[in-house]
Structures are given as C-alpha cells and as structure tokens.
1. If the Cβ limit is 8 Å and pairs must be 6+ apart or interchain, which residue in segment 66-90 that is in a loop (DSSP other than H, G, I, E, B) and among the β-branched types (V, I, T) pairs with which residue that is more than 9 Å from the ligand (Cβ to nearest atom) and at pLDDT 95 or above?
2. Would you say V42 is touching a residue at least 12 places away in the same chain (Cβ under 8 Å) and more than 13 Å from the chain's Cα centre (by Cα)?
3. Just to be sure I understand, how many residues within segment 42-65 are at pLDDT below 95, assigned to a strand (DSSP E or B) and surrounded by fewer than 17 Cβ atoms within 10 Å (Cβ to Cβ)?
4. Looking only at segment 42-90, which residues are within 26 Å of A19 (Cβ to Cβ), among the hydroxyl-bearing types (S, T, Y) and either touching a helix residue (DSSP H, G or I) at 6+ places or on another chain (Cβ under 8 Å) or near the ligand (Cβ under 10 Å from one of its atoms) (or both)?
5. Looking at this structure, is P39 loosely packed, with under 12 Cβ neighbours inside 10 Å, more than 24 Å from I13 (Cα to Cα), modelled with pLDDT under 95 and more than 7 Å from the ligand (Cβ to nearest atom)?
6. Return yes when R26 is modelled with pLDDT of 95 or more and surrounded by 11 or more Cβ atoms within 10 Å (Cβ to Cβ) and no when it is not.
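The values are calculated or read from the model by the stated rules, or taken from the named source; none is laboratory data. Every value quoted in this text rests on a predicted model; they were computed, and no experiment measured them. A quick note on method: Cβ atoms are made from the backbone with ideal geometry, for glycine too, and the neighbour counts reach across all protein chains shown.
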Amino acid sequence: MGTVKIPCRRCLIEGLDEAEVMAKLRDYIDAVEPDRRTPDAVYTRRLAVCDGCPELSGGMCRLCGCFVLYRAAIVGNDCPGIPDRWSQTE
Ligand code: SF4
C-alpha cells in the first residue's frame, strides 16, 4: 500500500502572495452554501474575538490550523479553544 502525502495548509499556499491567498479564501467562503453560512453579525463578532486572541497567527488559528476567515464563516463551526471563545459572544 502506497503512502499518501497530504500537504499542510501552509504548503498549499506557499508561493502565493497575500492578495492571492485572500482571493482563494474569498472563493472558498463564497462557495459555502447559504444554509451553512454564518449570519453577518455573528461572523463579525467571531472575527473580532479571533483578532484579540493569542492563538491567532498570520490569519490562522494555532489550535486547529484553520484560516479563521473561513472557519468562522460556517455557522456550525466552533472555536477550538477551551473554553470556546466564540460562544461567549453568540
Ligand atoms: S482559539 Fe478560537 S478565538 Fe482564538 S484564533 Fe482560534 S478560533 Fe479564533
């Protein structure tokens, strides 16, 4: 059985400039089905929490490795922190 190599998220964006990364993120967010998308007001609050969080690094959450712009856009997602930092504002 062969070994499947899965690139890390950082590797997937290696070589892209910030504008290209943001464009890809926007494409992913735009592709989220409307019934799975976080309402705008909640999305804004989630990102404000991330913005003040010590686990945020380069737009990614150090606890889960997600880009928070994308993770926060899906209504069923939660913050991986213990306690969940988003739930304190929702
Ligand atoms: S731990 Fe939660 S609040 Fe902090 S960056 Fe990650 S998702 Fe955002």
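1. V75/R36; V75/R37; V75/T38; V75/P39; V75/V42; T89/R45; T89/A48
2. Against the criterion (touching a residue at least 12 places away in the same chain (Cβ under 8 Å) and more than 13 Å from the chain's Cα centre (by Cα)), V42 qualifies.
3. The total comes to 1.
4. S57, Y70 - these are the residues of segment 42-90 that are within 26 Å of A19 (Cβ to Cβ), among the hydroxyl-bearing types (S, T, Y) and either touching a helix residue (DSSP H, G or I) at 6+ places or on another chain (Cβ under 8 Å) or near the ligand (Cβ under 10 Å from one of its atoms) (or both).
5. no
6. no
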